[in-house]
1. If a/c stays under 1.5 just call it rounded; otherwise compare a/b with b/c (prolate if a/b is bigger, oblate if not). Do that for region A:1-83, with a ≥ b ≥ c from the square roots of the Cα gyration tensor eigenvalues.
2. If you average the sequence gap of Cα pairs under 8 Å that are 6 or more apart and divide by the length of chain A, what percent do you get for the contact order?
3. Among all the lysines, which ones have a C-alpha under 25 Å from B:Lys4's C-alpha, if same-chain residues fewer than 8 places away are not counted?
4. When a/c reaches 1.5 or more, the comparison of a/b and b/c decides; with that in mind, is region A:20-149 rounded, prolate or oblate per its Cα gyration tensor?
5. Would you mind finding the longest exposed-site-free stretch of chain A, with exposed trypsin sites (Lys or Arg not before Pro) meaning DSSP loop and at most 16 other Cβ atoms within 10 Å?
6. If the reach is capped at under 16 angstrom between alpha carbons, list the lysines near B:Lys49, excluding any in the same chain fewer than eight residues apart.
7. Shape call for the protein assembly as shown from the C-alpha gyration tensor, a ≥ b ≥ c root eigenvalues: rounded (a/c under 1.5), prolate (a/b greater than b/c) or oblate?
8. Cut-off 13 Å, label point 7 angstrom out along Cα-to-Cβ of B:Gln70: give me the residues of region B:84-112 whose amide nitrogen falls inside.
Amino acid sequence: MTVLETLTEDVVKVPLTSETKIEILDELLEILVAKGLVKNREKVFQKIMAREEQVSTGLDHGIAIPHAKGEGVDSLVCAVGIKPEGIDFESHDGQPTKLFFLVIAPPGQTGPHIEALKEIAVLVSDNTRREKLFQAKTSKELLSIIHSV
Amino acid sequence: MFKKILVYIDGTEESLLAARYAITMAKTYNIELCGIYVVNLNVLEDLVKVNIFIPTEQADYEKDMEADGQKYLNYLKELAEAKGVAVETVLAKGNVAEEVKKTALAKNVNIVIICQLKELLSRSEAFYDEKENIVHRVPMPVFIVKEDKEKILNLYNSI
């Protein structure tokens, strides 16, 4: 099973309600914490922020893929969210970021972690597909697009 | 007819099931067994190109992948030795399909064994899928292990 295949509605949030980059990261992490997938919230959040402090994971075309690896999770986990109006995520193209994939992997699962990042990159590389994802109004709809494209 | 098989493992649960299947084949038909893990340098470079990774992460993940690869190959050895099957392991770095092909040719392998292919989101995704590329690139038959987990574990436990 790939990371996108294993996504369920309870790790997808539409819309995200936060207004800033840090809040969005915290909101995405909370999705995983609420599901019991993150054991050490503080440590994981520090890892995510340490990566963001080097260079933002806000990419072009409204996409961000914040990611971290380390202790705090037992297996590869992913949360997805949409902020329809977009926020300033210090993206590479300077445009507002709307669609977020938070990926966290434990040590020793580098291969699956890399595969997950690649899979997401492929998913959002197509303009038409990306627009469809942005227009999802509910978690169910977003998941349905991810699973059916 | 078949003297040597090469199983490709990538650390996924499915590939470790394929490893058990390969061990079962090697033991049942008295075939030599090789296992390969490839540190996928191409995907790391691609992730830097699309700005998902920064160069320091690329180096960090490459080291981790090498360590993971050794761990998975050691696990393959344990699984094989538990069944009295000798296994030669190869830890390669580079383009996955190309490294599998090179090793398969260098070791005169008759069949390459891979785990089940994932469902692709689009035709273009096939271009990026390592196992799809192995199927297309290697010049010898490729055996795709499609049985479910329980069946494979039963087969492995039965030898």
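1. rounded
2. Rounded, it is 28 percent for chain A.
3. Those lysines meeting the cut-off are B:Lys27, B:Lys71, B:Lys77, B:Lys83, B:Lys93, B:Lys101, B:Lys102, B:Lys107, B:Lys131, B:Lys146, B:Lys149, B:Lys151.
4. Cα axes put region A:20-149 in the prolate bin.
5. After excluding every exposed loop site, the longest remaining stretch is A:40-136.
6. Straight-line reach from B:Lys49, under 16 Å: A:Lys118.
7. It comes out prolate by the Cα gyration axes.
8. Residues B:91-92 fall inside that zone.
Laboratory data are not the source of any read-out in this text; all were calculated from the coordinates shown. Predicted model only: the values in this text are computed from it and were never measured. Methodologically, a virtual Cβ is constructed for each residue, glycine included, from the backbone with ideal geometry; neighbour enumeration extends over all protein chains shown.
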